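Worksheet: the structure to be examined is printed underneath.
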Amino acid sequence: MKNLINMLLTVLSVSICLSGCTKKAGKDLSNPFFSEYNTPFNVPPFEKIMAKHYMPAFEKGIEEGRDDIAKIVTGKDIPTFENTIEAYDRAGELLNRVMMVFLAQTSSNTNDSLQAIQIELSPRYAGFMDEIMLNAGLFQKIKSVYDNQAEFDLTPEQKFSLDNLYKKFVRSGANLKKSDQDSLKVLNQKLSVLTVKFGQNVLAETNNFVMFLDKNDLRGLPESVISAAAQSAKDAGKEGSWAITTQRPSIFPFMTYSPDRKLRSEIFNAYINRGNNGNENDNNRILAEILSLRAERARLLGYKTHAHLVLEPRMAKVPENVFNLLNNLWGKSIPVAKSEVAEMQKIISREGGKFKFEPSDWWYYAEKLRKQKYDLDDNELRPYFKLENVRDGLFTVATKLFGITFTPITNIPLPHPDAQPFEVKDADGSHLGVLYMDFYPRESKQQGAWCVTYRNHHIVDGESISPVVTTVFNFTSPVAGQPALISLDEALTLFHEMGHALDALFNKSTYNNTYIAWDFVELPSQLMEHWALEPLVLNMYAKQYLTNEPIPADLVQKIKNSGYFNQGFDNVEVLAASLLDMSYHTLESPVNIDIQSFEKEYFKKIGLIPQIVSRYRSTYFTHITGEYDAGYYSYTWAAVLDNDAFEAFREKGLFDQETAGLYRKSILEKNGTMDAMQMYVNFRGREPVIEPLLRNRGLMK
Ligand SMILES: [Zn+2]
């Protein structure tokens, strides 16, 4: 949930003065947010909540939140954990409740009125959050509890919570003297302008380049690629022609199927030089300036580099840990990529080609290699992936692991009429939480898949408040006379989001505010994906939807093999970008660096092979000017964790009760209330190792 709030704030990171809203909002009792929900399991009364209810509830929520904070600040008693940290945790209860419903609904079931409210509400909510983070009186109270914590006999959860809250304020500059706070504000403002400009330049450069094709150039392209190219040409004002753009969905299918080396090279060069053309959209100087300002801000806040600042609350903690992992994997991936080049060079020779392999040849020859070695047709699989079968298979996996059950609920408010509600019960039959599943696309829903909560687990007056969780998808819809037959990818997505849901359902946090490490979030979700493709599990749920026959063994084998395809390339491409990101953000004083020569020298130093270009080059690496600065490594980090964690089940048994119980107790119940590495060690008995990832990706020699 915290992520969603942050997402909203960054989308509209505007901060406006709140002084305009001094009018006291009254409590209209017909507004469902102002009274007890009185619904089964106390879920939000969705049918009663109308667009007009949000603003008054939000205004009242801010007012109450502001009063709660003021009470902490003006309190005469010596600051204690209870009167400060716990009080802070309970502050703005109404606001929190409204925001959770609002954010979940605007992503899965929005409309014009809700979107209008979103635009009005986002900057005001951001402004209120700024008001709290920059409240000097509040910080002094928190600091007092932090400095004197030895006197309070705190539980480990309380210590963890206090430590994280205090450092969050410090990282936002609360501990700086006034003049430094003013410098910080200037730095933040400059950075926000530059990062927006960087993104706009990438967008402009991506849109500016169009490569038009003749009829002859369509050779080798599948029908779907040709019709997409026709649409692109039409969009570019040349109806009746065909065009390829530097958007990923346009360029990479073309790179995969076009036999024309010259055209492939032309579009690829345009792609890898976005933001590096010396025109008004050039990003070289902008990135250099961003890096320099970030380094300056880190120094001001007392950190060695920007990466040190960003990594502090994460599992990785310091840049050295990230470099160790990335370098280790890099060493294993380069030789595999080289052998892939050799295999493709063989195909070229066999076909009588007399040229040296270039980066722009990769996709075309990799596809030939894939056909030769790993051919797996999605349409061959779909009949075995009827949505209900996959869902029930997933439920069975969860039951076999944790003893929990899923009972459909009738007569409960639904966030949308299509959502399916389940009561999740523990092995002893006690209530754990409510889970909604909302499967199909519709206009009011955003793209993608996600899991969010309408209520998190917390404890009030000694009583556990159970979570309300929703998982939202955009799966292939059923067509007339046929059930929904989903793809392998969609089946994995279903297991993935259930992993997030279990994390929320099993959580035993005392407080509303939890601190889940940003590079640990995907462990529970990615771990669940492993069960989906195990032959034993596939045999349980992947049944032909008409005949009920289990999936044939050769298809299971093909699924397994396809996991090894192109792994040298995939890993090197992503690792190169991750290492570049970290190398930039561990520079202590990068003033006026020349981005092009830095990048070139760096890749030369670490031994990137000439046949592969980093997945992102500097001038269009929007991740590092967005939310993934010193963070692109996290994809790889999470993969190490999930592969190593699953290995525990491989060692002891896919459904070993002791291992599942330990995983639940050490990680799922504690996530966000304890140090991530400590939780992991409690589960695994040691820190994570990379060998299982290497094995699963075919990088082990
Ligand atoms: Zn996820």
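The values are calculated or read from the model by the stated rules, or taken from the named source; none is laboratory data. What you see is a predicted model, and the numbers here were worked out from it, not measured in a lab. Ideal geometry is used to build each Cβ from the backbone, glycine not excepted, and the neighbour counts take in all protein chains shown. We work out accessible area using only protein heavy atoms, side chains counted, and drop any ligands, DNA or RNA first. Shrake-Rupley method; radii C 1.70, N 1.55, O 1.52, S 1.80 Å.
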The helix 523-532 Cα axis meets the longest alpha-carbon principal axis of the chain at an angle in degrees, between 0 and 90 and rounded to 10, of 50
If each part is reduced to its alpha-carbon centroid, the stretch 379-422 and the stretch 480-516 end up apart, in Å, by 10
The summed charge of the GLN420 Cβ neighbourhood (under 11 Å; Lys/Arg +1, Asp/Glu -1) stands at -2
Here the alpha-carbon Rg of the stretch 90-149 over 2.2 N^0.38 Å rounds to 1.51
Karplus ³J(HN,Hα) for the stretch 501-514 (6.51 cos²θ - 1.76 cosθ + 1.60, θ = phi - 60°; Hz, whole; x = Gly/Pro) runs 4, 4, 4, 6, 6, 8, 4, 10, 4, 6, 10, 5, 7, 10
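Apply the Kirkwood formula to the chain: the hydrodynamic radius equals the inverse of the mean of 1/r over all pairs of different alpha-carbon atoms; give it in Å with one decimal. Write down the numbers at each step before the final one.
Values: mean 1/r = 0.0359 Å⁻¹.
After inverting the mean inverse Cα-Cα distance, the result is 27.9 Å.
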Taking Cα pairs closer than 8 Å and at least 6 residues apart, the relative contact order of the chain in percent is 15
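Counting pairs of alpha carbon atoms under 8 Å apart in space and at least six apart in sequence, what relative contact order in percent does the stretch 162-291 give?
Numbers: 119 pairs, mean separation 32.0, N = 130.
Across the stretch 162-291, relative contact order equals 25 percent.
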Place a point 7 Å from the Cα of THR399 in the direction of its beta carbon; the residues of the stretch 453-492 whose amide N falls under 17 Å from it are none
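Hey, what did the stretch 380-482 get for relative contact order, percent, Cα under 8 Å, at least 6 apart?
Numbers: 146 pairs, mean separation 19.8, N = 103.
It rounds to 19 percent for the stretch 380-482.
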Rounded to the nearest 10 Å², the accessible area of PHE46 using a 1.4 Å probe with every protein chain kept is 20
Its Cα gyration tensor gives the stretch 43-110 an equivalent ellipsoid whose semi-axes in whole Å, largest first, are 30, 12, 8
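I want the local charge near GLN596. Using Cβ-Cβ distances under 13 Å, sum +1 for each Lys or Arg and -1 for each Asp or Glu among the other residues. Intermediate results must be reported in sequence, preceding the final value.
On the way: positive: ARG285, LYS600, LYS604, ARG617; negative: ASP282, ASP594, GLU599, GLU601.
Here the charged neighbours net out to 0.
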Using a 1.4 Å probe on heavy atoms of the protein chains only, the accessible area for ARG391 in Å², nearest 10, reads 40
Measuring from its Cα centre, the stretch 220-343 shows a charge dipole (+1 at each Lys and Arg Cβ, -1 at each Asp and Glu Cβ) which, in debye to the nearest 20, is 420
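Using only Cα atoms, what Kirkwood radius does the stretch 283-441 have, in angstroms?
Numbers: mean 1/r = 0.0441 Å⁻¹.
Hydrodynamic radius (Kirkwood, Cα only) of the stretch 283-441 equals 22.7 Å.
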Straight-line reach check, LYS543, cutoff 16 Å on alpha carbons, 8 or more apart in-chain or any other chain, hits among lysines -> LYS386
Net charge (Lys, Arg +1; Asp, Glu -1) of residues whose beta-carbon lies under 14 Å from that of ASN389, ASN389 excluded, is 0
Taking alpha-carbon centroids only, the stretch 43-98 lies from the stretch 187-238 a number of Å equal to 45
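Which value in deg cm²/dmol, rounded to the nearest 500, describes the helix-derived mean residue ellipticity at 222 nm for the chain, given -39,500 (n - 2.57) per DSSP H run of n ≥ 4 and division by the residue count?
-17500 deg cm²/dmol
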Once phi for every residue in the stretch 466-480 is put through the Karplus expression 6.51 cos²θ - 1.76 cosθ + 1.60 (θ = phi - 60°), the whole-Hz ³J(HN,Hα) values, with Gly and Pro written as x, are 7, x, 10, 10, 10, 10, 10, 9, 10, 7, 3, 7, x, 10, 2
Calc'd 3J(HN,Hα), the stretch 99-114, phi into Karplus 6.51 cos²θ - 1.76 cosθ + 1.60 (θ = phi - 60°), Hz, glycine/Pro = x, comes to 4, 4, 5, 4, 5, 5, 6, 5, 8, 10, 7, 8, 7, 4, 5, 5
